[in-house]
Amino acid sequence: MKLLKGLLAAMVLCAPGSGTEPATSGPVYFFVYTRIDDHVHTQSSEERITRVLANLADFRKRHPQVPITPVMQFSGAMVDVLAARNKELHLADQIRAALKEGLIELGYHGGNEPTYRNRPKVTLPKESPGDQLWAARLDAAEKFLTQAKDPFTGALDPKRSGGLKRVQEEFGSPVLVTGAADYIGADAAAITVIRRYTQKFMTFGLPDPNPLFAIHGYRGSVNEFASRIAPDATTSPELYWSDEVLRSSDTGGADVKVFNASEGPDALKALIAKMDRRRTRVIHIEYGDELRYLQTTSDGAPRFHPLVWAYDHPDAPNVPSAVPAFTYRQQVDTAYDKEAKTLEWLASEFLPANRGSAFVTPTQLMAMAETPMGAEISRDSIRKAAADFISRYDSFNGVFAADFARADDQYFSLTDMFQLLTRSLAGRKAGEFPATVRLRPVYGPVHFPPELGNVVEDLTPASVIQAASLLAGTLGRDAAVKKIPVNAVPTWVAVGNRKLNAAQFLRVMADVYLDPESTRKVSVRPCEMFSAMGGVHPRNVSRTEQGSTWTLRPAPLKIAAR
């Protein structure tokens, strides 16, 4: 990904939160999850379910004052196995009982669904128009998340449920959905499909660095993005809103990564000691992981991953005994022991000594993370946000759009601002803008053009208001997405006989909202559609698909909501 290197240093200098701040120790939230998704070598998967549930129940008895509710994630293929073997093992019944009791929360993970090579993908060239790519991604996501797959070949069976839909049918609506897309960036289509099966959910944001991403400068991009998405002490570099879904990143800087509970308490102490705690930090802790059953290389990767073997050998999916894939029972038991010591250290030492730090669940984080979505936004707030947007926008001299806008303690994404301003301008009567505007979900531009737009110097407020009025009805309604979303910010907007890109039009709408005097002329310079924050957001898909970056918004935390 091109990082716009010549501007990166300047961006860092003007990034909120990048200056000198007092050293404080903000809270650390521990987001604990386990993934059960090896549907081929079921013995270890079934043992993990049994031991994790038993160990959690034991921990709660010993530490009733320290609530911990990990997310247990399943693939659709794994749920098929659990359902088929339930009369024999009753594991599906145990999972339902644990969910009802609140011992765990439910999650879906699609990263290991069958198979890595044979799954619905977009085959269009990256240079294709954004609307075509969007429709293709929606079709691929629908098939991947809803249709059954052959457990070894990945061949689709549209007559049976699979993926997320299968998990939802068996256990209910997941509150954490990950692995729904095998790319970084442009996952709005997948989010659209997910919403059909679970309404209240969150997902993971930026993953830990991995050479397989093939994203040049990935770590630098993550660091810059995190600094911009956490502009004040109420926000976290790991948490943000995108497509109106709360995201929690594996990493919000080089000082935070996914932690495996079986690494033990000393390793966790070392990680926390190096963290910048001027903001609330979130550490993802994988609990009861599959790696403890596998032989690994020096870098911790499996020597022979059982699912890779199964997918590469569908006619003989079980790993032969001569292949050194699995480890010894002693190593497995040692991992469980170290894992228990990690939780014990957190409960007995770290949490009591660090007020505000806690184990958190997806349900709790979604309750804590503030969003203006669905609220009635006052005229005064819209005016403050419009002024703030112009200040941020103009600071980049047309090189980027603003990252977001702020009014008092509320943050608004670019799509939020586009909707608020179009509907405010369209609703102007007798010289007054509406007293309030209800904020509703709106998609970012379906197509992200490379053009910056032209210099325009002769627009009238009346022409801007008229153009906004033509858009307000579409942006103010909820519409089912068939191929592409209807309620999306348009790429281009006609204002009289002029054509502005969406960033330019957003700028002139803010200008007119602050000063709707009909006799003056309104001007706007060329502008990149990307915000500075959106421009550095890592991606390994086409830039034409980056409309979701317009939905990025900080996630201030209501600490008392825990």
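Among the strands (runs of 3 or more DSSP E) contained in region 111-184, which hold 1 or more residues that are over 27 Å from residue 318 (Cβ atoms) and either in contact (Cβ under 8 Å) with a residue 24 or more places away in the chain or small (Gly, Ala, Ser) (or both)? Steps first, answer last, please.
Values: elements: 147-149, 156-161, 176-178.
By residue number, 176-178.
Quick one: how many residues across region 308-328 are under 17 Å from residue 47 (Cα atoms) and modelled with pLDDT of 95 or more?
To start, the set of residues in region 308-328 that are under 17 Å from residue 47 (Cα atoms) comprises 326-328.
Restricting the remaining residues to those that are modelled with pLDDT of 95 or more gives none.
Looking only at that region, the number is 0.
Among the candidates 380, 394, 388, 333, single out the residue that is assigned to a helix (DSSP H, G or I) and within 30 Å of residue 70 (Cα to Cα). If you could, list the steps in order and put the result at the bottom.
Details: 380 fails: within 30 Å of residue 70 (Cα to Cα); 394 fails: within 30 Å of residue 70 (Cα to Cα); 388 fails: within 30 Å of residue 70 (Cα to Cα).
Going through 380, 394, 388, 333 in turn, the sole match is 333.
When residue 508 is evaluated against the numbered criteria (1) modelled with pLDDT under 90; (2) surrounded by 15 or more Cβ atoms within 10 Å (Cβ to Cβ); (3) among the hydrophobic types (A, V, I, L, M, F, W, C); (4) closer than 29 Å to residue 380 by Cβ, which criterion, by number, is the only one it fails?
(1)
So which residues in region 437-456 are closer than 15 Å to residue 422 by Cβ and in contact with a strand residue (DSSP E or B) (Cβ under 6 Å, 6 or more places away or on another chain), if there are any at all?
Of region 437-456, the ones closer than 15 Å to residue 422 by Cβ are 437-445.
Hits for region 437-456 are 437, 438, 439, 443.
How many of the residues making up region 290-303 are over 19 Å from residue 211 (Cβ atoms) and either modelled with pLDDT under 85 or within 30 Å of the chain's Cα centre (by Cα) (or both)? Give the steps one after another, and end with the answer.
Narrowing region 290-303 to residues over 19 Å from residue 211 (Cβ atoms): 290, 292-295.
So of that shortlist, the ones also either modelled with pLDDT under 85 or within 30 Å of the chain's Cα centre (by Cα) (or both) come out as 290, 292-294.
Residues in region 290-303 being over 19 Å from residue 211 (Cβ atoms) and either modelled with pLDDT under 85 or within 30 Å of the chain's Cα centre (by Cα) (or both): 4 in total.
Hey, can you tell me all the residues within region 407-436 that are crowded, with 24+ Cβ neighbours inside 10 Å and farther than 21 Å from residue 522 by Cα?
Residues satisfying the conditions are 411, 412, 413, 415, 416.
Looking only at residues in region 204-221 that are in contact with a Ser or Thr (Cβ under 6 Å, 6 or more places away or on another chain) and of a type outside the set (Asp, Glu), which one is surrounded by the most Cβ atoms within 10 Å (Cβ to Cβ)? I'd like the intermediate steps shown before the answer.
Taking region 204-221 first, the residues in contact with a Ser or Thr (Cβ under 6 Å, 6 or more places away or on another chain) are 204-206, 208.
Right, trim to of a type outside the set (Asp, Glu) and you get 204-206.
Details: 204: 19, 205: 26, 206: 23.
If we take residues in region 204-221 being in contact with a Ser or Thr (Cβ under 6 Å, 6 or more places away or on another chain) and of a type outside the set (Asp, Glu), then 205 is surrounded by the most Cβ atoms within 10 Å (Cβ to Cβ).
Name the single residue, out of those in region 93-110 being without any contact (Cβ under 8 Å) to a residue 60 or more places away in the chain and touching a Ser or Thr at 6+ places or on another chain (Cβ under 9 Å), that is surrounded by the most Cβ atoms within 10 Å (Cβ to Cβ).
Filtering region 93-110 down to residues without any contact (Cβ under 8 Å) to a residue 60 or more places away in the chain leaves 93-94, 97-98, 100-104.
Next, only the ones that are touching a Ser or Thr at 6+ places or on another chain (Cβ under 9 Å) stay: 94, 102-104.
Values: 94: 17, 102: 12, 103: 20, 104: 23.
Ranking the candidates gives 104 first.
Within the group 334, 280, 327, 297, which residue is of a type in the set (Val, Ile, Thr) and more than 28 Å from residue 59 (Cα to Cα)?
Numbers: 334 fails: more than 28 Å from residue 59 (Cα to Cα); 280 fails: more than 28 Å from residue 59 (Cα to Cα); 327 fails: more than 28 Å from residue 59 (Cα to Cα).
Sole residue among the options that is of a type in the set (Val, Ile, Thr) and more than 28 Å from residue 59 (Cα to Cα): 297.
Those residues that are closer than 18 Å to residue 47 by Cβ and part of a helix (DSSP H, G or I), I need them from region 86-96; list them, please.
Of region 86-96, the ones closer than 18 Å to residue 47 by Cβ are 86, 88-95.
Of everything in region 86-96, those that are closer than 18 Å to residue 47 by Cβ and part of a helix (DSSP H, G or I) turn out to be 86, 88, 89, 91, 92, 93, 94, 95.
The values are calculated or read from the model by the stated rules, or taken from the named source; none is laboratory data. It should be emphasised that the depicted structure is a prediction, and the values quoted were computed from it without experimental measurement. Reconstructed Cβ throughout: ideal geometry from the backbone, glycine too, with neighbour counts over all protein chains shown.
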